[in-house]
Amino acid sequence: MSDAVDAIIGQWAEERPDVVEDLWPVELLARVQRLARVADRSAKAAAAAHGVEHGEFDVLTTLQRSGPPYALTAGAFLKASMVTSGAITNRIDRMEAKGLVERVRDDDDRRTVRIRLTEHGHEVTRAAFADHLANYARLLAGVDRDLVAQTAQGLRQVLETLGDTTLE
C-alpha cells in the first residue's frame, strides 16, 4: 500500500537521487502534516455545524475542561493557543457577542479579567464536543485500534523528545 507521501518521496528520488538518504524525516513529518490537515478540515466543519469557528471551539473546550468556575484569563489562553493577544481579543469579542462567554473582573484584583463560559456556552460546548468525538471516531473507524494506540505512543515519544510536554 502506498500513499501521497510515498509518491512525493518517489518524485524526489527521481529528481534528486543524491538526497534519498536524507528523506527519512519526510516519512513521518509529511504524514503528520497531511493528517493534521485532514483532521483540521473535518474539525472545522463539525464546529461550524454548531455555529462556531474552530478557534472558538478550542476556547470553549479549554474553558470546559478547566473545570469550575470555567473561567481563565486571556493570558492563559495566549499560552495555550500561541496566537497574538489581538487574535485572542477578537475571538473573545466574537464569542461574547454570540453569548458563549462573558468577561468577568476578578474579585481580588479588579485589573484581572477572566473569560467565563455562559450557560449557552456550556450547552454549545457539550453538543459540539460530543459531535467532535464522534467525528474523530468516524475518521479513524477504518483503522485498527491497536495501530492507533501504537501510533499515538510513537508520536508521544517524538513530542517528548522535541520538548512538547506541556499545554503551554
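Can you list the HN-Hα couplings for the range 131-136, worked out from phi with the Karplus curve (6.51, -1.76, 1.60; θ = phi - 60°), rounded to whole Hz and with x for Gly and Pro?
5, 4, 5, 5, 5, 4
For the range 8-154, what is the accessible area per residue in Å² when the probe is 1.4 Å? Numbers along the way, then the final one.
Details: 9500 Å² over 147 residues.
On a per-residue basis, 65 Å².
Taking amide H positions as placed 1.01 Å from N in the peptide plane, with prolines and chain starts having none, which residues 5 or more places from THR73, or on another chain, fall under 5 Å of its amide H?
So THR73 has HN proximity to ILE115.
Pick from GLU53, GLU123, GLU15: which residue has the top mean-square fluctuation in a GNM of the chain where Cα pairs under 10 Å get a spring?
With Cα springs under 10 Å in the chain, the top fluctuation among GLU53, GLU123, GLU15 is at GLU15.
Assuming R0 = 22 Å, what is the FRET efficiency of LYS44 and LEU167, from their Cβ-Cβ distance, to the nearest 0.05? Don't skip to the answer; put the middle values down first.
Working: r = 21 Å, r/R0 = 0.97.
Computed FRET efficiency for LYS44 and LEU167 comes out at 0.55.
Report the label-to-label distance for ALA13 and VAL158 in nanometres (one decimal), using points 7 Å from each Cα along the Cα→Cβ vector.
The modelled label-to-label distance comes out at 2.0 nm.
Applying a 10 Å radius around every beta-carbon, put 157-165, 90-98 in order of their mean neighbour count, most first.
Numbers: 157-165: 9.9, 90-98: 16.1.
Going from most to least packed, we get 90-98, 157-165.
Full extension from LEU147 to THR61: what is 0.36 nm times the residue separation minus their Cα-Cα distance, to one decimal in nm?
Numbers: separation 86, 0.36 × 86 = 30.96 nm, distance 2.70 nm.
Between LEU147 and THR61, full extension yields an extra 28.3 nm.
What is the Cα centroid distance between the range 13-62 and the range 127-168, reported in whole angstrom?
So the separation of the two Cα centres works out to 12 Å.
Can you list the residues of the range 113-129 with backbone N under 15 Å from a point 7 Å past the Cα of THR73, pointing along Cα to Cβ?
113-116
Taking the Cβ-Cβ separation of MET1 and ARG103 as r and a Förster radius of 35 Å, what is the calculated FRET efficiency to the nearest 0.05? Intermediate results must be reported in sequence, preceding the final value.
Details: r = 51 Å, r/R0 = 1.47.
The calculated FRET efficiency here is 0.10.
Given the Cα-Cα distance of TYR136 and ARG110 and 0.36 nm per residue of separation, how much length would full extension add, in nm? Intermediate values should be presented prior to the final figure.
Values: separation 26, 0.36 × 26 = 9.36 nm, distance 4.06 nm.
Result: 5.3 nm gained on full extension.
Over the range 30-168, what portion of Cα pair distances is larger than 26 Å, expressed as a whole percent? Don't jump to the answer; show the numbers that get you there.
Numbers: 3088 of 9591 pairs.
Cα-Cα pairs of the range 30-168 separated by over 26 Å account for 32 percent.
The values are calculated or read from the model by the stated rules, or taken from the named source; none is laboratory data. Quick caveat, the model's predicted, so the values are computed rather than measured. Virtual Cβ from ideal backbone geometry, glycine too; neighbours counted across all protein chains shown. Calculation scope for accessible area: heavy atoms of the full protein, side chains included, ligands and nucleic acids excluded. Shrake-Rupley method; radii C 1.70, N 1.55, O 1.52, S 1.80 Å.
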